[in-house]
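Heads up: the structure comes next, in structure tokens.
The values are calculated or read from the model by the stated rules, or taken from the named source; none is laboratory data. Because the structure is a prediction, the values reported are computed rather than measured. FYI the Cβ positions are ideal-geometry reconstructions off the backbone, even for glycines, and counts take in every protein chain you see. These accessible areas exclude ligands, DNA and RNA; they are computed on the full protein's heavy atoms, side chains included. Shrake-Rupley method; radii C 1.70, N 1.55, O 1.52, S 1.80 Å.
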Amino acid sequence: MRRLLALREEGALTTGQVRTVAQCLEVTERTVWRWLAAAGRDPAAAREPGSRAQSSTRFTVTPEVRHLLALWKGNVAAVHRELAARAARQQPPTAPPSLPTLHRAIQRDLSAGERAGLTAGERAARKHDVFLTRPRGHRNQVWETDHVQAPVLVLVDGQERRPWITWFVDCATDAIAGVAVTPGYPSRESVLVALRSAVLRTGPYGPVGGLPEKVRIDRGKDFLSRTVTAAFGALAVTVEPLPAYTPHLKGTVEGLNRSVERMYLAALPGYAHQPRPGGRPRPVDQSALLSFEEFTAGLLTWVAWWNTEHRPAPLRGKTPAGAWQEDPTPVRDIPPADLWSFTLEDDRAGPRPVTTRGVKFKGRFYVSPWMTGRAGTRVGVRHMPHHRHEIELFDPATGRHLATAHLADEATREQIAAVRRTRAARVRRLAKDLDHAQRARNERHAAATAPEAPRAIGGLTATEAGLELAASTHTDLTDLARPDLIPPTAPPGHWNTPPGLLTTTRPATDPTGKQTP
């Protein structure tokens, strides 16, 4: 630009030279002539051609503008109207910035992440952040664990449900160490089952496993429960609870959650995220849905494929299981019997006696062949959370595992199914009653174009109202009671009975039917 200014001052600047500069900068010739005029008025403009002149009066984004952007969800036009209304209310009135000026200031002073955050919240702003990559380290150095709800409908006892998957993944090799599938919402029991399958390296769990040095978890109450933290502490595993709403801090397991949906779950029948024509819901064909057993078997097959055949790009042609086995880091193993005791919840009541009916625990009796001839012995009880069908018995002094006790007089499958049907009928009946109450509250009213009292629509005739009231009256037995139909018997003569009460009673009779005085 300085060269062009010098040529113009010397009178040697030609139109061809301006055209050549405009073509090189991909602008019009008129733009180049305008830049030359601005540089002639202000020599500083020659350093940054096309930039606007800096001035102390230029409008910038203030905290007030940021607050209004958050209030109006990024709607700049609404923010401009609010600024104009506030400026008009001031004394004396001030001139608000124009809408193009406000747009330029927001684009200049706010980053893309800030604009997205003010429009759609923190999750939208996170998409514009830059995340660092942790070094992979060695096997079993760090594990990550998480729950994910499978977007697939499966049949659980004849009902459609979306199961939950809990797994542990090794951050160094991307190998899935352990997995557990829960038909309903997961709990601390799901974490303990997945942890046991992750630590054990015997069949059928595979070679990947052992004790990790650290486990990253989110702040779910099941991961932070007393039972789970005690199990990790007994296994000498460091637990690293991550801050809330920071999924990027456990990117390995979050990437696995996305991969299992794209690579396996999306092809299953009953996939919930399948695009629908026009967005209309489509009825689900239960005959095509997988059972819970079939879904679990297919998921375990996919986990084996992921570990032994899949070759993620960061592993440079290796499979997760291959990378795990080639790592020379020693593996800490634990005997299965010790692991079983560590992943159980202790009975807070202390040792319990063995009676002739078994061991009483939470109002139920449990029996096992080991108890024969040992009535009166005191044992310690440990149990898996939510597993009420069996408990584990331990020596209270040494902690040695004694036996597994099963629930005595356990109901049959038919009885359990009948109880579930009764509970379901009760739930449906309650839902129907609540639905009637909700429809009564949601009475329709006529639309209004002027301030007036609400006017109900869908009126009833007097006959319809009488029939509905009569039907509701016959359902209440207290309204059908007739206490005056048969008057009560007169009290004995020696009682001091008020005269008014004698008129509402009938004379007393003896066993032969004759009236008594």
Return the pair list, or none, for Cβ contacts closer than 7 Å from residues in segment 153-170 that are under 13 Å from Ala288 (Cα atoms) to residues that are among the polar types (S, T, N, Q) and in a strand (DSSP E or B), at least 6 apart or on different chains. Val154/Ser291; Leu155/Ser291
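Test Leu344 against the stated conditions and say whether it is closer than 22 Å to Phe232 by Cβ, of a type in the set (A, V, I, L, M, F, W, C) and in contact with a Ser or Thr (Cβ under 9 Å, 6 or more places away or on another chain). Before the answer, list the steps.
Values: closer than 22 Å to Phe232 by Cβ: yes; of a type in the set (A, V, I, L, M, F, W, C): yes; in contact with a Ser or Thr (Cβ under 9 Å, 6 or more places away or on another chain): yes.
Here the answer is yes, as Leu344 does meet what is asked.
Output the number of residues of segment 226-245 satisfying the condition of being small (Gly, Ala, Ser) and either in contact (Cβ under 8 Å) with a residue 60 or more places away in the chain or in contact with a strand residue (DSSP E or B) (Cβ under 9 Å, 6 or more places away or on another chain) (or both). Spell out the reasoning first.
Within segment 226-245, the subset small (Gly, Ala, Ser) is 230-231, 233-234, 236, 244.
Checking the rest, the ones that are also either in contact (Cβ under 8 Å) with a residue 60 or more places away in the chain or in contact with a strand residue (DSSP E or B) (Cβ under 9 Å, 6 or more places away or on another chain) (or both) come to 230-231, 233-234.
Qualifying residue count, segment 226-245: 4.
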Please count how many residues of segment 84-115 are within 39 Å of the chain's Cα centre (by Cα) and β-branched (Val, Ile, Thr). 1
Any pair with Cβ under 6 angstrom, 6 or more apart, that starts in segment 91-104 at a residue that is over 13 Å from Thr62 (Cα atoms) and at pLDDT 90 or above and ends at one that is part of a loop (DSSP other than H, G, I, E, B) and open to solvent by 70 Å² or more (accessible area, probe 1.4 Å): none
Being at pLDDT 90 or above and basic (Lys, Arg): is that true of Arg139 here? yes
One residue is enough: does segment 183-190 have a residue meeting the conditions out of contact with any helix residue (DSSP H, G or I) (no Cβ under 9 Å at 6 or more places or on another chain) and in a helix (DSSP H, G or I)? yes
Apart from one, (1) modelled with pLDDT under 90; (2) part of a loop (DSSP other than H, G, I, E, B); (3) among the hydrophobic types (A, V, I, L, M, F, W, C) all hold for Val61; the odd one out is (1)
The correct count of residues that are touching a helix residue (DSSP H, G or I) at 6+ places or on another chain (Cβ under 6 Å), surrounded by fewer than 23 Cβ atoms within 10 Å (Cβ to Cβ) and modelled with pLDDT of 90 or more in segment 152-174 is 0
Residue check, Thr182 against (1) open to solvent by 50 Å² or more (accessible area, probe 1.4 Å); (2) in contact with a Pro (Cβ under 9 Å, 6 or more places away or on another chain); (3) without any contact (Cβ under 8 Å) to a residue 60 or more places away in the chain, all met but one. Which one? (1)
Regarding segment 421-443, can at least one residue be identified that is at pLDDT below 80, outside any helix (DSSP H, G or I) and open to solvent by less than 60 Å² (accessible area, probe 1.4 Å)? no
Do we find a residue being open to solvent by less than 80 Å² (accessible area, probe 1.4 Å), out of contact with any helix residue (DSSP H, G or I) (no Cβ under 8 Å at 6 or more places or on another chain), over 29 Å from Leu153 (Cα atoms) and touching a residue at least 12 places away in the same chain (Cβ under 8 Å) anywhere in segment 246-267? yes
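Quick check: is even one residue across segment 363-380 in a loop (DSSP other than H, G, I, E, B), hydrophobic (A, V, I, L, M, F, W, C) and farther than 24 Å from Leu235 by Cα? Outline the logic, then answer.
Step one: filter segment 363-380 for residues in a loop (DSSP other than H, G, I, E, B), giving 363, 368, 372-377.
Of the ones still in play, those that are also hydrophobic (A, V, I, L, M, F, W, C) are 375.
Right, trim to farther than 24 Å from Leu235 by Cα and you get 375.
Checked segment 363-380: at least one residue is in a loop (DSSP other than H, G, I, E, B), hydrophobic (A, V, I, L, M, F, W, C) and farther than 24 Å from Leu235 by Cα.
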Could you please let me know if Asp146 is part of a loop (DSSP other than H, G, I, E, B) and either open to solvent by 50 Å² or more (accessible area, probe 1.4 Å) or more than 24 Å from Thr60 (Cβ to Cβ) (or both)? no
Identify the single condition in (1) open to solvent by 40 Å² or more (accessible area, probe 1.4 Å); (2) part of a strand (DSSP E or B) that Ala177 does not satisfy, given that it satisfies every other one. (1)
Do we find a residue being surrounded by 12 or more Cβ atoms within 10 Å (Cβ to Cβ), more than 23 Å from the chain's Cα centre (by Cα) and aromatic (Phe, Trp, Tyr) anywhere in segment 270-277? no
Could you grab me the full set of residues in segment 83-107 that are closer than 17 Å to Thr119 by Cβ and surrounded by 17 or more Cβ atoms within 10 Å (Cβ to Cβ)? Leu102, Ala105, Ile106
Tally, over segment 212-227, of residues that are of a type in the set (A, V, I, L, M) and open to solvent by less than 20 Å² (accessible area, probe 1.4 Å): 2
If I go through segment 292-315 residue by residue, how many of them are over 16 Å from Ala267 (Cα atoms), open to solvent by less than 30 Å² (accessible area, probe 1.4 Å), in a helix (DSSP H, G or I) and of a type outside the set (A, V, I, L, M, F, W, C)? 1
Go over the candidates Asp338, Asp327, Asp285 one by one and state the one that is open to solvent by 80 Å² or more (accessible area, probe 1.4 Å) and out of contact with any helix residue (DSSP H, G or I) (no Cβ under 6 Å at 6 or more places or on another chain). Asp285
Output yes when any residue across segment 341-358 is closer than 19 Å to Glu189 by Cβ and touching a Phe, Trp or Tyr at 6+ places or on another chain (Cβ under 6 Å), and no when none is. no
Here are some conditions: (1) open to solvent by less than 30 Å² (accessible area, probe 1.4 Å); (2) within 33 Å of the chain's Cα centre (by Cα). Arg348 meets all but one. Which one does it not meet? (1)
Regarding segment 116-133, can at least one residue be identified that is surrounded by fewer than 16 Cβ atoms within 10 Å (Cβ to Cβ), over 28 Å from the mean Cα position of the chain (by Cα) and assigned to a loop (DSSP other than H, G, I, E, B)? no
